[in-house]
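The block underneath contains the structure these notes are about, expressed in structure tokens.
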There are 2 protein chains.
Amino acid sequence: MAEHVAVVGTGLIGGSIALGLRRSGAAVSVVGYDNDPAAMKAALDIGAVSAVAASAEEAVSGADLVVLAMPVDQIPVACDALAGAVADDAIVTDVGSAKVDVVAHGEAAFGGRFAGGHPMAGSERHGIGAAEAQLFDSAWWILTPTQRTWPAAYRGTARLAARLGAKPVAVDPSVHDTLVARLSHLPQLTASALVTTAATAGDRDALLGLAAGGFRDVTRIAASNPDLWIAILRSNREAVLEALGALRGRLAWLGGMIEAGDWAQLREFLDAARRARLDLFAKPTFAGTPVALSTMIPDRPGVLAEVTTAAGELGANIEDLRIVHSSEGGKGRLELIVAGADAAERLSSALATLGYRVERSGVDKDV
Amino acid sequence: MAEHVAVVGTGLIGGSIALGLRRSGAAVSVVGYDNDPAAMKAALDIGAVSAVAASAEEAVSGADLVVLAMPVDQIPVACDALAGAVADDAIVTDVGSAKVDVVAHGEAAFGGRFAGGHPMAGSERHGIGAAEAQLFDSAWWILTPTQRTWPAAYRGTARLAARLGAKPVAVDPSVHDTLVARLSHLPQLTASALVTTAATAGDRDALLGLAAGGFRDVTRIAASNPDLWIAILRSNREAVLEALGALRGRLAWLGGMIEAGDWAQLREFLDAARRARLDLFAKPTFAGTPVALSTMIPDRPGVLAEVTTAAGELGANIEDLRIVHSSEGGKGRLELIVAGADAAERLSSALATLGYRVERSGVDKDV
């Protein structure tokens, strides 16, 4: 039987998800809906969706998996509005770039069936015209399960990511928001501030003559779509303010060093930043041979958060995960794929101290 | 008769200048000197210099053109030290990335024979091992003439840049320093601050999972050499502090908008930044057919600064320039190449109001 997926919001991300699913070879029907009739029609024309709906409610009714892919500031409202329209056994996820507020609304509307997500892929372009089936290939796809998340909801969302070629990774919603504030939202604001600080300092020819490659790199993202960014910044207001405060404090501290001529301390700072940058992107992480672990777990909400949190604290990333339900009911077998023998060993020990009995098993590539 | 060039400091920039000159086909001998004997030997081994000297004094004596290519904080000292060793008719230039202090020392030591320069090319690597003859190909080469600069010194330095494939452009030294503070030195400090702000917010795996392409771009320059950057920041301390203050003020203003929920104003700011970024790198500047202008000028210092400043104020960039001395003495013909008929027209009018009688002439590609 074919799986029914509803994609609400057929822009760059929603359109790419739909297109990727349809091209993945899986038996899946994708119904699309977008407030913008032109975007919806384009999604149908390029074959991203197999059908369009007259409303978001109509799109989600009868779906096994609902993907909320509208701009992030519209997701909480959509959760509230669609609470009654989604089937009781359907899984709901989203693609918003801030998670605390979205997850709160998602869980209020759908309970444990909601599992928040944030695919780390995009494009400087936007809209269905820029959609492509390969957009998520090899990208990280952040999942933000909580104590309430049903294992099946996590699993279904992780499987969606994997089908599109992405690598799912679980992060706590508030940790996610703090990190994206510092890794994405703050750099965006800062790039825009740097451009305007420079642009007011001289005429275009002089600026262009003196703007080297570094300035191009640093300010590239300032050319992004302002409407999308307002939606993102609104949705992560607290964490963005906190990050902005941290940066301003750091710049004040740097100014103090320059003012005082404390070049030794400034050199130390630049060197620490250099090492942090090199370390961060030095090599692909999660390298190492995949190792599969499995353990019996009680089939209740919260277990998954417990396990993924333990893994996160150890830096042992879970590359893939599935839950095989026991025929006896009330129990299931959790299968985890971890990269590298070391990480697998550490995770086994940590789970053992939590009372789980962990076994190694073969890696089943078809999870 | 072969031209004699001395390059003091045979690192990435000095080595690349030497290599480019030797490969340019011009009859030129290049003598090199470096405080680091290994760097000097490497310059000789790769054929960047035709000979090495036992001291900087020995290298510059007998040279027609002296290029000071040591780290920028050592250039003022080098000017002071070499004042007596350079021939009275030799031209002296430098490659320092901050100019006010360097030009002051250069003029104190060499008078109008000194013309400051700043080639806008580099590499994340450094040292003679990274030197390449093509480093300056199609790059801007900023020249910072003042009222004291001899036309011959400007001309000789511009010709050096052109020989290496670079495009010379004249900017006032203090304007240069303000602009590079905002276009280069501030972005460098900010990229380092953004890296450390992010790196303290979570573990490496979570950071890496969430760090998208934008963060990579923004922070790429944070991996640069701290020692070079300390030298640069020291040399441009006042302008860097001013730029840092401007950025901090802007970030505080942005924080205020987010705090107040003034999304309309924030959107306007992001949109202005977006347009500034797109405009800045929208198209190559100085496009348009080259137009040659020529005018008689009194052969005295200051004339050149007057003309180049007038052009700069009009945004009419001088792509090339030469002075043909009159056989009568005391006068010369200044020939300018300007890109595009519009710019040529505006410059002609401006120079006319300054009392110069300007004629159009054919473009002589061999200037």
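Computed from the coordinates by the stated procedures, all read-outs in this text should not be read as laboratory data. Predicted, not measured: the structure shown is a model, and the values here were computed from it. Heads up, the Cβs are rebuilt from the backbone with ideal geometry, glycines too, and the neighbour counts pull from every protein chain shown.
Taking label points 7 Å from Cα along the Cα-to-Cβ direction, B:Ser138 and B:Ala26 give a separation of 2.2 nm. Distances between equivalent label points of A:Arg357 across the copies, with each point positioned 7 Å along Cα→Cβ, amount to 10.7 nm, shortest listed first. Using a label point 7 angstrom from Cα along Cα-to-C-beta, what distances in nm, from shortest up, separate A:Pro290 from the other copies? Spelled out, the distances from A:Pro290's label point are 6.0 nm.
Sparsely packed loop sites in region A:36-144 (the trypsin sites (Lys or Arg not before Pro) outside DSSP H, G, I, E and B with at most 13 other Cβ atoms within 10 Å) comprise A:Arg125.
Out of B:Gly127, B:Gln147, B:Val67, whose Cα points farthest toward the positive end of the dipole of region B:3-170 (charges: +1 Lys, Arg; -1 Asp, Glu; placed on Cβ)? Looking along the dipole axis, the top candidate is B:Gln147. Couplings 3J(HN,Hα) of region A:38-43, computed from phi: 5, 5, 5, 5, 5, 4 Hz, in residue order, whole Hz [Karplus 6.51 cos²θ - 1.76 cosθ + 1.60, θ = phi - 60°; x for Gly and Pro]. Near the amide H of B:Ala90, within less than 5 Å, lie no amide hydrogens of residues on another chain or at least 5 residues away, with H placed in the peptide plane. Under 5 Å between amide hydrogens, built in the peptide plane, is the criterion, and for A:Glu132 it picks out A:Ser16 among residues at least 5 positions away or on other chains. For region B:271-281, 3J(HN,Hα) computed residue by residue from phi via the Karplus equation (6.51, -1.76, 1.60; θ = phi - 60°) reads 5, 5, 5, 4, 5, 4, 5, 5, 5, 4, 10 Hz, glycine and proline entered as x.
Candidates A:Ala162, A:Val102, A:Thr178 compared by Cα position along the dipole of region A:92-210: farthest toward the positive end lies A:Ala162, with charges placed on Cβ. Here region B:149-295 is treated as a Stokes sphere of Kirkwood radius computed over C-alpha pairs; at 37 °C and 0.692 mPa s its diffusion coefficient rounds to 171 µm²/s. Each residue of region A:256-265 is assigned a 3J(HN,Hα), and the resulting list reads x, 5, 5, 4, 7, x, 8, 6, 5, 5 Hz, derived from the Karplus form 6.51 cos²θ - 1.76 cosθ + 1.60 (θ = phi - 60°), x at Gly and Pro.
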